Amino acid sequence: GTKKKATCPGLGLFYTILSAFLFSVASLFLKKIEDIHSVEVSAFRCVFQMAFVLPGLIYYKTGFLGPKDKRIFLFFRGFLGSTAMVLLYYAYQVMPLADTTVITFTSPVFTSLLAWIFLKEKYSPWDLLFTLFAITGVILIARPPFLFGSHVTGIEGSYSDHLKGTIAAIASTLSAASTIVILRKVGKSVHYFLSIWYYAVIGLIGCVIVLFVLNEWRLPHCGRDRVFLILIGLLGLGGQIFVTKALQIEKAGPVSIMRTMDVVFAFILQILFLNQPPTWWTVGGALCVVASSCGTAIRKWRHSVKKAKQREI
């Protein structure tokens, strides 16, 4: 028999770190863009996604609509995924880079909770503990006045914008967790490219409608912002490609743990390029959220390994 070509040890984890770096740099460029609405940035991102996916759909002959019984799931995957992107970009524009990045890492915890509700997956006391850790981390970052007093320090801009950004980041995380639950429901019956296609098309249509309603469509007034828009699209696409390749050759558990490098890169980039050291509240929140995310990933990883051994027996 023919032997499979062995992959380079650690290559999947390297892809994960590279993906985290690309996503973090794209977020930094988003902070640097001036006077462009987050919805317009999202529209540009969707255009890049469509340009990348279209050749793949033609090559793999998947069609543009997918199986009839899966189209409703694909629609909601596209709608929730694009909504998560718009809300995340808005949060990045009004909140510190590290704060927003940390909140997004509550996604695995909320995914476990939603999978328990909608897919009847097991939800153990450990999952409840990790959920409480994640909520504690978000509270430390949001710092609501009724808990921390009326004079909240270390906030970028007004507290009103900080609160709006926190709500947007949490809503984005819940939307992203919902898309993962939908993808689990669909399983492998739909090609990955088709899922991204729905995400890009529905996202672009929604962004264009919102921009016309808000009357916010405008071309960047300087060449630097135009370059940043292009780089955000390319870096976001590159990050998605590398995390997908990582999951193809590495187990989901180690990849999920290594993705916490996003938080490290966000802290470094915020200090070096935005001249804004994170507060101790943010550091404490980050520790809670990262511990929660890693705990969830390790538990899922051990559970999958145990099931694999049982199947072998």
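The values are calculated or read from the model by the stated rules, or taken from the named source; none is laboratory data. Keep in mind that what you see is a predicted model, and the values were worked out from it rather than measured. Don't worry about glycine lacking a Cβ; one is built from the backbone with ideal geometry, like all the others, and counts go over all protein chains shown. Calculation scope for accessible area: heavy atoms of the full protein, side chains included, ligands and nucleic acids excluded. Shrake-Rupley method; radii C 1.70, N 1.55, O 1.52, S 1.80 Å.
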>> Whether any residue in the range 53-73 is without any contact (Cβ under 8 Å) to a residue 60 or more places away in the chain and either within 30 Å of Val289 (Cβ to Cβ) or open to solvent by less than 70 Å² (accessible area, probe 1.4 Å) (or both) is what I want to check.
In response: no
>> Within the range 109-128, take every residue that is outside any loop (DSSP other than H, G, I, E, B) and free of Cβ contacts under 8 Å to residues at least 12 places away in the same chain and give me the one that is surrounded by the most Cβ atoms within 10 Å (Cβ to Cβ).
In response: Trp116
> Residue check: is Val47 within 22 Å of Leu234 (Cα to Cα), open to solvent by less than 40 Å² (accessible area, probe 1.4 Å), β-branched (Val, Ile, Thr) and not in a loop (DSSP other than H, G, I, E, B)?
Replying inline: no
> What is the number of the single condition among (1) open to solvent by less than 20 Å² (accessible area, probe 1.4 Å); (2) touching a helix residue (DSSP H, G or I) at 6+ places or on another chain (Cβ under 7 Å); (3) farther than 30 Å from Ile135 by Cβ that Leu237 does not meet?
Replying inline: (1)
> Only one of Leu183, Leu211 is closer than 26 Å to Leu22 by Cα and either among the small types (Gly, Ala, Ser) or surrounded by 17 or more Cβ atoms within 10 Å (Cβ to Cβ) (or both); which?
Replying inline: Leu183
> Could you say which residue among Pro254, Pro277 is under 23 Å from Leu140 (Cα atoms) and surrounded by fewer than 20 Cβ atoms within 10 Å (Cβ to Cβ)?
Replying inline: Pro277
> So Trp217 clears everything in (1) over 29 Å from Asp69 (Cβ atoms); (2) open to solvent by less than 20 Å² (accessible area, probe 1.4 Å); (3) in contact with a helix residue (DSSP H, G or I) (Cβ under 6 Å, 6 or more places away or on another chain) except one condition, right? Which one?
Replying inline: (2)
>> If I go through the range 12-34 residue by residue, how many of them are open to solvent by 50 Å² or more (accessible area, probe 1.4 Å) and at pLDDT below 80?
In response: 1
